[in-house]
Amino acid sequence: MKQTTLIITLSLLLIPSLPAQSSQSSGSLSISQQLYSFSPLARIILKHLGMEDKNLNGVIDKGIGEGYEAFIAKYGNADIGFPANGITYGANNGRLEEPEIVNHYYLTIRFKYPEETSTIDNEINAYFYDNNLPLVWLDDKESTVMKAVTQILGEGWNEKQVTENEAVNMFNKVLWGIKVKARPEIPSENDGYYTLSEFIKNKSGYCFEVAQFGFWFFSELRINSTSAWTALTSSILHEVVKLSSGKIVDYFESSNKYKIPLDKWYITNPLQTLSLYYNVNGKIQNNISLFEQSVIYDKYNIDNICVLLHRLCLSEDYNAAIVLGEYYFQYSDTDKILSTKHKNIVHVRNNIKSMLGSLLISYSMTNNKSGNDRIVSLLKKHYSQDKEVTVWIEALCL
């Protein structure tokens, strides 16, 4: 059974962009524990906005003294849900999930509440530098980014109060002045994403790096923004800067001909962009610890869950794989996700199939018949015509 399982794992579930060999986890127990916890950076935001996850379930619950009511009364309603995997999660459910809080901070609270902004941003910056996190949207200690921008815009450029349109013109002027070019090929096959200072030094980047520069740039002008992404086609994803007004800033203008509606641009807050950086570089380095970090900073992202689940299975850490898989299917509406019509649904569908396959292996290898039966039921429900799935079921049914 074990030999059959490993053959199926490597031949049918292998994600093409990952190397065949596996790395050992730096601590699969830690990821199991942190699934029901706020990420370290989110905890900084929580602390200074008056909230505390007292029951340690990874959300701020209404009605139990965790600060839900006071937060909404002071800063506005953040319980509006957040986008992930083509659907909206958590809207008006009496809970504040991490993406809701972080989105609300960066789009609504930041700069409008100077005291909170200064404290939170300073602590987040310090955490990055003290813990050697990749400076995806922060300048380095040598002020590489600030020096390059100041050379083009002049001293004091970030001390002015400007309109959004003026800020966008300044943003484009800087990138034109630096002569930033688009990087070719797939990030995981081209040394991954640059940090912000690397982007400036190399004068080239993907839309991802341009969006992170935009977040840094508009932050310097005290204009609220985040990144946002959309599927241009079934195989092409694109990231831009989205200002709090809803305005889309697309330096490469790659989205122009597609005429994407505003509601099809999905917010990617800074913590989630850090997660994406970890995910892509994890593929390059074949490092399961980076995949764990990607999940810690974006626990609802199906790509993150799928890759880590797959790697835990390959490294035969089946118990951790089961915890991760059960977490995902507990908080995700698979029926709704698979019935949603969006351009990259085939990719999403393949991810869910792979996750279910990894779970089927994990339950089989731990002789968990009830878990095995649940996964078989889901596979038959959603992939009844898939011949690969039929092979898996025949080989791994307990």
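Pick out, from region 70-158, the helices (runs of 4 or more DSSP H) lying fully within it that include 1 or more residues that are in contact with a Ser or Thr (Cβ under 7 Å, 6 or more places away or on another chain).
Per the criteria, 98-104, 144-153.
I'd like the full set of residues that are within 13 Å of residue 226 (Cβ to Cβ), in contact (Cβ under 8 Å) with a residue 60 or more places away in the chain and among the polar types (S, T, N, Q), limited to region 255-291.
269, 272, 273
Among (1) without any contact (Cβ under 8 Å) to a residue 40 or more places away in the chain; (2) within 22 Å of the chain's Cα centre (by Cα); (3) within 25 Å of residue 334 (Cβ to Cβ), there is one condition residue 94 misses while meeting the rest; what is its number?
So the condition that residue 94 fails would be (2).
Quick grid of which residues meet (1) surrounded by fewer than 21 Cβ atoms within 10 Å (Cβ to Cβ); (2) modelled with pLDDT under 95:
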| site | (1), (2) |
| --- | --- |
| 173 | yes, no |
| 182 | yes, yes |
| 191 | yes, yes |
| 202 | yes, no |
| 236 | yes, yes |
| 261 | yes, yes |
| 271 | no, no |
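Considering 260, 337, which residue is in a loop (DSSP other than H, G, I, E, B) and of a type in the set (A, V, I, L, M)?
On inspection, the qualifying residue turns out to be 260.
If you go through region 56-73 one residue at a time, how many are at pLDDT below 95 and either surrounded by 12 or more Cβ atoms within 10 Å (Cβ to Cβ) or among the basic types (Lys, Arg) (or both)?
2
Under the condition of being aliphatic (A, V, I, L, M) and within 19 Å of residue 273 (Cα to Cα), which residue from region 122-158 is nearest to the chain's Cα centre (by Cα)?
The selected residue is 136.
All but one of (1) without any contact (Cβ under 8 Å) to a residue 24 or more places away in the chain; (2) over 17 Å from residue 196 (Cβ atoms); (3) not polar (S, T, N, Q) hold for residue 147; which doesn't?
(2)
Only one of 88, 108 is closer than 28 Å to residue 339 by Cβ and among the β-branched types (Val, Ile, Thr); which?
Residue meeting the stated conditions: 88.
The values are calculated or read from the model by the stated rules, or taken from the named source; none is laboratory data. Just so we're clear, the structure is a prediction, and the values are computed from it rather than from any experiment. Cβ atoms come from the backbone with ideal geometry, glycine included; neighbour counts cover every protein chain shown.
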